[in-house]
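Peer 1: Below is one structure. I have some questions about it.
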Amino acid sequence: MTAKSWLSLYALLIRTSIKSRMQYKFNFVLASILAALIQISEFLMVAIVLYKFGAIQGWSMHEIGYLFAVMTLSKTLYRTFADEVHHLEKYLVNGELDQLLTRPMPVLLALMPQKFRIMLGEVLQGGFLLWWSLSGMMGSGQVGWSAVPQTLYIILTGAVILFSIGLATATFGFWTTRITELQNLTEDAARTAAQYPLTLYPKWMSSILLILVPVGLVNYVPSLYILRGELGWWVLPALAGAALLCLALSLKFWQFGLTKYQSTGS
Amino acid sequence: MLYFTLASKAYARNLQYRGAHMVHNIASAMFGFMYACIWIGLGADHALGEYGTQGMVGYIAFTQAALWISSFITNGLGIPQAVRTGHISLDLMRPVHLFSHLMAKEWGQIAYQFIYKSIPIYVVYYFAFSLELPGKASDLLFVALALAGAAYLSICINYLIGASALWTTESSWLYWGNHAMINLLAGFFIPIEWLPGWLQTAAWWSPYPYLLYVPTRLYLGFGNVSYLWGTLFWCVLLTLACLLATGFLRRKVEVQGG
Amino acid sequence: MIEVQDIRKSFKTPVVKEGRFSGIRTLFSREYRIKEAVRGISFKVDRGEFVGYIGPNGAGKSTTIKMLSGILHPTSGEVIIGGMNPHRERRAVVKRLGVVFGQRSQLWWDLPVRDSFDILAKMYAVDEADKVRRLEQFTELLDLQAFWETPVRKLSLGQRMRADLAAAMLHDPDVLFLDEPTIGLDVNAKRNIRHFLKLINEKFGKTILLTTHDMDDIEQLCSRVMVINEGRLSYDGTVRSLRDSIGLPTLITVTFRGPFQIPESFMATGDSSTQARIRVTRVLDQSVTIEANRREMNTLEIVKELGKWGELDDIDMQDPDFEDVIHKVY
């Protein structure tokens with residue numbers, strides 16, 4: 001099969017998933033509204049702190065807003081395409097993965113478009129926050145227009161990193177079946193931590209967030225260069241390298257995990 | 001004692017998953033640790049009101065531990081799953097009221113979480129942050145009452161969320177929506193008095209402050225015992241709502257046959 | 001077509017500790033309970049065979065099928081399907097496979113049946129002309145037209161099964177794996193499915209491996225049957241010789257006209273060591289029920305022997321029920 005036919009198949013599966021969800025319009029609307037509500041309340045938690053205290057350890061309101069926005073948008077990108085990777089437990093518990101394994105395509109490619117999520121709320125909110133923080137910093141001359149393409153670039157590398165973390169975490173499910181608890185640690189806790197500058201945390205914790213579960217590479221490290229001119233331009237290509245390395249490692253782990261799949265009822 | 005049996009079975013059922021729960025405890029402890037670090041960072045440059053930095057760390061430690069009593073309970077008390085599998089019609093046929101039946105189970109769950117989650121997590125914080133325990137026994141009694149009330153309120157809220165599963169397949173979103181509201185309005189990360197005025201008003205019109213903020217204030221010794229009247233008021237109101245919801249639920253199941 | 005070389009599959013589950021702090025101990029312990037679901041199975045299936053694969057619940061049937069179709073990786077041993085290994089070349093193998101799990105549908109639950117076929121055609125790169133031609137065939141054989149536009153979740157079990165079978169055949173696979181395709185179906189629906197399976201095996205030469213608990217499926221469809229028990233093959237051969245090898249007695253009821261005399265040596269005494277090849281199990285008025293094994297004594301001999309006892313009025317013979325044969329094997 002050519003790359004083009006893969007792509008068209010993938011697009012077809014995504015259309016199918018949207019069509020399936022549209023069968024339940026009320027549910028779809030309810031889920032969308034609640035997802036937006038959750039997102040807003042998460043944002044308010046950060047916004048209130050910023051509103052009340054202004055800066056956190058030398059990071060201005062706009063800078064913290066930027067950290068939050070980049071993380072939100074990277075996560076949104078990851079979850080839009082690969083929400084089902086995050087929900088692999090469901091497939092492991094009821095053996096639905098069997099079906100996907102009988103399809104003539106890579107399992108991951110069959111899994112991902114099972115449920116395509118339209119995350120309009122997150123996009124709007126992340127986009128708004130990004131616009132607010134970037135325009136604030138441009139107004140004060142902290143950053144120039146070049147920050148815009150750089151930001152889009154790091155959102156993409158960030159999404160790849162988050163996807164890799166998510167995939168590696170989900171892969172543990174082939175041994176443990178239950179993964180929610182681990183996800184809580186590697187996805188939710190780690191991501192929430194990186195919404196603030198990592199200097200807030202003790203050394204051991206920030207090291208974990210940069211190396212073991214590298215969420216710091218999604219927003220914190222690139223911000224050091226883009227917003228504050230620290231490190232150097234090499235950060236940007238290095239991020240792409242790191243993202244690809246994470247992806248390669250987690251794909252390798254996933255392939256290995258698949259051979260340990262136990263199916264159900266046995 | 002049927003209810004006691006239900007509760008102790010629910011408690012025992014959890015014992016099998018202690019391995020997974022250990023990982024969960026680590027995650028939960030990390031969350032609280034992270035929030036505490038944020039407040040320590042903020043406290044370096046700002047005065048943190050009547051709490052002070054150490055007070056805010058104590059605040060976070062307590063809310064994080066109390067979360068396992070008044071927030072992270074079974075999604076919809078398991079009703080959504082019963083609806084999906086069709087078990088709900090069986091449950092409704094039982095000679096016990098659905099609400100009290102599920103509630104008894106949930107108390108077992110909460111007892112388990114209190115012993116295996118809240119306490120270990122708090123002990124970790126106690127040593128990590130050199131926290132202080134409240135001095136007076138009478139204070140602890142009020143905290144216990146406030147927590148029990150919070151657990152009950154949480155059971156009621158989840159019962160209502162569960163009941164909604166008969167009308168929508170996406171009720172798990174309500175569960176997470178409820179979580180988001182707890183994070184914001186129950187004073188989980190930010191004490192309610194620091195919210196903007198309109199949010200404070202909204203919070204006090206809801207039962208959310210009684211889930212975390214009130215027990216925490218009482219525990220830290222800032223609270224006023226008269227808060228407990230609010231807890232009682234919401235307990236009564238939500239109980240009525242649950243009984244009403246059971247009526248609707250029953251009718252719905254009878255109409256569509258589970 | 002299918003070659004299986006000594007495959008084994010064991011599942012590991014961590015042992016849950018009891019007692020105090022067992023949660024922590026379980027987390028760090030390396031103790032596992034090993035369950036051997038399949039313990040060394042080998043067989044070969046030729047093109048065009050229709051093989052029944054039976055065994056009690058938990059014997060390892062599904063595990064085997066899942067290993068054959070590339071879902072599970074065997075702990076050891078090798079599977080070759082059409083010359084390829086379904087684990088190393090999963091995608092290439094599944095293109096030549098059709099798999100149907102009776103308990104689970106591979107169709108898109110919320111969408112009309114038609115949509116599932118459109119998607120599968122794209123997925124297996126079936127070109128439009130082939131798709132139309134095959135669908136015309138299936139529609140005729142399985143009467144898909146009746147529910148073509150219905151969402152899958154609203155289909156009856158029988159309809160769903162028909163749709164699932166057609167879906168598994170859409171890319172014209174050489175081999176079909178069917179895991180309990182008739183489970184839960186009514187008599188009529190079963191008959192339809194069997195008719196279809198027989199046809200695609202005989203007319204289109206598909207190789208089929210079928211697991212089932214319904215012995216009628218085996219009797220009516222399969223040329224060969226394999227029995228798995230506790231992870232091992234306990235029988236592999238024709239249905240007929242399976243029946244013979246067990247040697248269950250034929251049940252014969254004779255009615256005598258007028259008086260009759262049963263020789264003492266034929267009465268069942270509970271002691272089966274008596275040399276008698278005919279055993280009388282029940283006497284009721286004029287009718288006598290006996291058991292005889294037709295491998296030891298043919299029908300004519302039996303009738304001759306009975307004729308000595310009295311004047312025969314009527315004879316009714318009942319071959320052993322296949323269910324019973326199977327019970328004996330298990």
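Peer 1: Which residue out of C:105, C:76 is out of contact with any strand residue (DSSP E or B) (no Cβ under 9 Å at 6 or more places or on another chain) and either at pLDDT 90 or above or surrounded by fewer than 24 Cβ atoms within 10 Å (Cβ to Cβ) (or both)?
Peer 2: C:105
Peer 1: Looking at segment C:174-184, which of its residues are part of a loop (DSSP other than H, G, I, E, B) and within 16 Å of the chain's Cα centre (by Cα)?
Peer 2: Correct list: C:180, C:181, C:182, C:183, C:184.
Peer 1: Regarding segment A:50-57, can at least one residue be identified that is among the hydrophobic types (A, V, I, L, M, F, W, C) and within 22 Å of residue A:116 (Cβ to Cβ)?
Peer 2: Checked segment A:50-57: no residue is among the hydrophobic types (A, V, I, L, M, F, W, C) and within 22 Å of residue A:116 (Cβ to Cβ).
Peer 1: Mind checking which residues of segment C:30-72 are free of Cβ contacts under 8 Å to residues at least 24 places away in the same chain and closer than 15 Å to residue A:263 by Cβ?
Peer 2: Across segment C:30-72, the qualifying residues are C:58, C:66, C:71.
Peer 1: Identify all residues within segment C:244-275 that are modelled with pLDDT under 75, closer than 23 Å to residue C:321 by Cα and among the hydrophobic types (A, V, I, L, M, F, W, C); write none if there are none.
Peer 2: C:246, C:248, C:268
Peer 1: Which condition breaks for residue B:213 when tested against (1) over 15 Å from the mean Cα position of the chain (by Cα); (2) away from every other protein chain (no Cβ under 14 Å); (3) under 21 Å from residue A:40 (Cα atoms); (4) aromatic (Phe, Trp, Tyr)?
Peer 2: Checking residue B:213 against (1) over 15 Å from the mean Cα position of the chain (by Cα); (2) away from every other protein chain (no Cβ under 14 Å); (3) under 21 Å from residue A:40 (Cα atoms); (4) aromatic (Phe, Trp, Tyr), the one that fails is (1).
Peer 1: Moving to a separate point now. Name the residue, out of B:187, B:177, B:149, that is touching a helix residue (DSSP H, G or I) at 6+ places or on another chain (Cβ under 8 Å), of a type outside the set (Lys, Arg) and not in a helix (DSSP H, G or I).
Peer 2: Working: B:177 fails: not in a helix (DSSP H, G or I); B:149 fails: not in a helix (DSSP H, G or I).
Only one candidate qualifies: B:187.
Peer 1: Now for a different question. Can you run down the residue pairs with Cβ atoms below 8 Å, 6 or more apart or on separate chains, where the first is in segment A:182-206 and over 20 Å from residue A:66 (Cα atoms) and the partner is polar (S, T, N, Q) and in a helix (DSSP H, G or I)?
Peer 2: These pairs meet every condition: A:182/A:169; A:182/A:176; A:183/A:169; A:184/B:28; A:186/A:169.
Peer 1: Follow-up. Would you mind finding the one in C:205, C:258 that is more than 26 Å from residue C:60 (Cα to Cα) and assigned to a strand (DSSP E or B)? Break it down into steps so the answer makes sense when it comes.
Peer 2: Working: C:205 fails: assigned to a strand (DSSP E or B).
Checking each option against the conditions leaves just C:258.
Peer 1: Give the residue that is farthest from residue A:108 (Cα to Cα), with candidates limited to residues of segment A:146-177 that are touching a Lys or Arg at 6+ places or on another chain (Cβ under 8 Å) and surrounded by fewer than 21 Cβ atoms within 10 Å (Cβ to Cβ).
Peer 2: This residue is A:175.
Peer 1: If we scan segment C:152-173, do we find a residue that is under 17 Å from the mean Cα position of the chain (by Cα) and within 20 Å of residue C:97 (Cβ to Cβ)?
Peer 2: Yes; the residues of segment C:152-173 include at least one that is under 17 Å from the mean Cα position of the chain (by Cα) and within 20 Å of residue C:97 (Cβ to Cβ).
Peer 1: Shifting gears a bit: Return yes or no: is residue B:232 over 19 Å from residue B:138 (Cα atoms) and part of a helix (DSSP H, G or I)?
Peer 2: No, not satisfied.
Peer 1: Being outside any loop (DSSP other than H, G, I, E, B) and under 12 Å from the mean Cα position of the chain (by Cα) is the filter; apply it to segment C:43-64 and report the residue that is surrounded by the most Cβ atoms within 10 Å (Cβ to Cβ).
Peer 2: Going through the qualifying residues, I end up with C:53.
Peer 1: Filter segment C:102-125 down to the residues that are closer than 21 Å to residue C:197 by Cα, more than 7 Å from chain A (Cβ to nearest Cβ) and not small (Gly, Ala, Ser) and list them by number.
Peer 2: Listed by number, the residues that qualify are C:103, C:107, C:113, C:117, C:120.
Peer 1: Picking from A:79, A:103, which residue would you name as being within 14 Å of chain B (Cβ to nearest Cβ) and either farther than 20 Å from residue A:248 by Cβ or among the basic types (Lys, Arg) (or both)? Explain how you work it out, then say what you get.
Peer 2: Numbers: A:103 fails: within 14 Å of chain B (Cβ to nearest Cβ).
None of the other options fit; the residue is A:79.
Peer 1: Look through segment B:121-148, keep the residues that are at pLDDT 90 or above and of a type outside the set (A, V, I, L, M, F, W, C), and return whichever of them is nearest to residue B:22 (Cα to Cα).
Peer 2: Per the stated criteria, the residue is B:122.
Peer 1: Please specify each residue of segment A:47-70 satisfying the condition of being more than 7 Å from chain B (Cβ to nearest Cβ), more than 15 Å from residue A:200 (Cβ to Cβ) and among the β-branched types (Val, Ile, Thr).
Peer 2: A:70
Peer 1: May I pose another question? If residue B:176 satisfies every condition in (1) within 15 Å of the chain's Cα centre (by Cα); (2) more than 18 Å from residue B:216 (Cβ to Cβ); (3) touching a residue at least 12 places away in the same chain (Cβ under 8 Å); (4) within 14 Å of chain A (Cβ to nearest Cβ) but one, which is the exception?
Peer 2: The single condition residue B:176 does not satisfy is (3).
Peer 1: Taking segment A:192-238, which residues are away from chain B (no Cβ under 11 Å), farther than 14 Å from residue A:162 by Cβ, buried (at least 17 other Cβ atoms within 10 Å of the Cβ) and of a type in the set (S, T, N, Q)?
Peer 2: Passing the criteria: only A:223.
Peer 1: Tell me yes or no: at least one residue of segment A:4-19 is within 14 Å of chain B (Cβ to nearest Cβ) and of a type outside the set (Gly, Ala, Ser).
Peer 2: No: segment A:4-19 contains no residue that is within 14 Å of chain B (Cβ to nearest Cβ) and of a type outside the set (Gly, Ala, Ser).
Peer 1: Would you confirm, using the coordinates I've provided, whether residue A:44 is crowded, with 17+ Cβ neighbours inside 10 Å and either at pLDDT 90 or above or within 14 Å of chain B (Cβ to nearest Cβ) (or both)?
Peer 2: yes
Peer 1: Go through the residues of segment A:229-247 one by one and say whether even a single one is more than 29 Å from residue A:130 (Cβ to Cβ) and of a type outside the set (Ser, Thr, Tyr).
Peer 2: No: zero hits.
The values are calculated or read from the model by the stated rules, or taken from the named source; none is laboratory data. Since the model is a prediction, treat every value here as computed from it, not as a measurement. Here Cβ is always computed from backbone atoms with ideal geometry, including for glycine, and neighbour counts include all displayed protein chains.
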